[in-house]
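What follows is calculated from the coordinates using simple rules that are stated; it is not laboratory data. Just so it is clear, the model here is predicted, and its values are computed rather than measured. All Cβ positions, glycine included, derive from the backbone under ideal geometry; neighbour counts span all protein chains shown.
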């Protein structure tokens, strides 16, 4: 008796858990859809911006822009670690934390002083628990980062980079390859890695010879104002956009990882229910068999 | 062979606000408004704050723009702006 009741209790509890994980899976699926749309929507802007900067950028101009400054040795670097605010996403946050720790170790091994900036509750909680200091924390962004969030995140780091207080800025984020594949990755935000210059521009004239390989035509762009002034404004846009892409990819990856985790939780709960109900039925059957045997035995004793 | 119209796209990091053909684009450049018609010389200009107007066959589309830039080449007009929203 006691055994069947215990089994019934467990079956009920697992069924309720499965209901929750199944709901979370469905919620993640719909959030994933929206988040991956944002990743896709961010692509045309990123491509065009990179394209234009690639055209404008002259290697000789490098020295003149603080954002392109490339110090001989990195003395001080900042690592921005993106994690999610919520858990129950499988190994998602653990992977990001591991990646961030590996990067910090590597940089410290090269003799660089490293400061870590935490974004997202999960990563912050980990480092707080380990009693390792974080230079700044941010839990406001969540899974809906905007270009302004990216700007607010980068602005202080960029200012310090321009003043020469920081030599490198990295971001640890989750790549969104597909809903199933969300490996952690590292992007170097500063100094700017110039997007592969598809074309080459010359000098600071207001006319820049420029060759477009795709169409095979040569265009003489009129620049307003000068190339230098345009670059001055576009480089910060590029920096912000790198961070923005990291934010939206991480958000999409979070939902993908959570959906995968919740799907396997739901599947596992189903498997457990199967085994448990089989055990329960066997126990119930055994009890009935035993009762019949007792009745038959009792009746036989009366004869 | 030139396309009969301008091909215009208005892109922000969060979305592509407009993509299609148009007869004329008037954009708020950093130093004043700039109008682009078919056959415009290749141009790369910084944008200021103001309203971007795209005149298409189905009427005029208006966007509020703050910052970003405008690129014109080969009758393709690309407007990139971090802060672009539909509306006057």
Return the distance in nm (one decimal) between the two label points of a simple spin-label model at residue A:299 and residue A:278, each offset 7 Å from Cα along Cα→Cβ.
3.4 nm
Rank these for me by crowding, A:103, A:67, B:52, going from fewest to most other beta carbons within 10 Å.
A:67, A:103, B:52
Rounded to the nearest 10 degrees, what's the angle between the helix A:92-109 long axis and the longest principal axis of chain A, both from Cα atoms, 0 to 90?
40 degrees
What share of Cα pairs, in percent, lie more than 17 angstrom apart in the stretch B:6-86?
34 percent
Spin-label model distance (nm) - residue A:271 vs residue A:65, 7 Å beyond Cα toward Cβ:
5.3 nm
Check: C-alpha center the stretch B:1-60 vs C-alpha center the stretch A:66-91, spacing in Å is 37 Å
Any idea how far the Cα center of the stretch A:274-303 sits from the one of the stretch A:1-32, in Å?
29 Å
What angle do you read, to the nearest 10 degrees and between 0 and 90, between the alpha-carbon axis of helix A:2-56 and the longest principal axis of chain A?
10 degrees
How much length would be gained if the chain were fully extended between residue A:159 and residue A:37, taking 0.36 nm per residue of separation minus their Cα-Cα distance, in nm to one decimal?
40.7 nm
Please check which bits of the stretch A:130-154 a label hung off residue A:115 would reach, taking the label as a point 7 Å along Cα-to-C-beta and the cut-off as backbone N under 12 Å.
A:134-137
Ascending count of other beta-carbon atoms within 10 Å, so fewest first, for A:115, A:165
A:165, A:115
For the residue B:83, residue B:5 Cβ pair and Förster radius 30 Å, calculated FRET efficiency rounded to 0.05 is 0.65
Chain A: antiparallel DSSP beta bridges as a percent of all, rounded to 5:
40 percent
Mind jotting down a quarter of the surface of the convex hull over the alpha carbons of the protein assembly as shown, in square nanometres, one decimal?
28.9 nm²
How long is the gain from residue A:29 to residue A:177 if the chain were fully straight, where each residue apart is worth 0.36 nm and the alpha carbon distance is subtracted?
51.7 nm
